[in-house]
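Contents: one structure, followed by commentary.
The values are calculated or read from the model by the stated rules, or taken from the named source; none is laboratory data. On a predicted model such as this, the values are computed, not experimentally measured, just so you know. All Cβ positions, glycine included, derive from the backbone under ideal geometry; neighbour counts span all protein chains shown.
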């Protein structure tokens, strides 16, 4: 492997790794915030405060859902760069992973589950607001 390719692979990997970990860190913060809002909602007797909590939950759920789309895009940039570098350097880690994917692989992706949890949380806060 040439020196330039090694630098490129390290850069692409660092990019991918950074944004992938940011995605999980953001989701962890989302869970903490939603847990706090849920606790506040369930322990509060005042309807006006519950309404404010629901609005906050809606805004936060929507914000994290949109941030996840952007973060996934950034992760994909790194993954695509790594794929190109693998081809150039006759490596096949990502290609092997793609070959092993079953027809229902999308069911076990981060994108599906993170977004599903964020969207369901959004729906719960909207439904609580409408009740």
- Query: For region 85-117, how many residues meet the condition of being modelled with pLDDT of 75 or more and over 22 Å from the mean Cα position of the chain (by Cα)?
  - Reply: 9
- Item | Lone qualifier among 82, 129, 65 - being under 30 Å from residue 4 (Cβ atoms) and either modelled with pLDDT of 95 or more or touching a helix residue (DSSP H, G or I) at 6+ places or on another chain (Cβ under 7 Å) (or both) | 82
- Item | Scope region 14-47; condition over 18 Å from the mean Cα position of the chain (by Cα), part of a helix (DSSP H, G or I) and loosely packed, with under 15 Cβ neighbours inside 10 Å; matching residues | 36, 39, 42, 43, 47
- Tabulated pairs, region 62-83, first more than 14 Å from residue 23 (Cα to Cα), second part of a helix (DSSP H, G or I) and modelled with pLDDT of 95 or more, C-beta under 7 angstrom, 6+ apart or interchain: 62/122
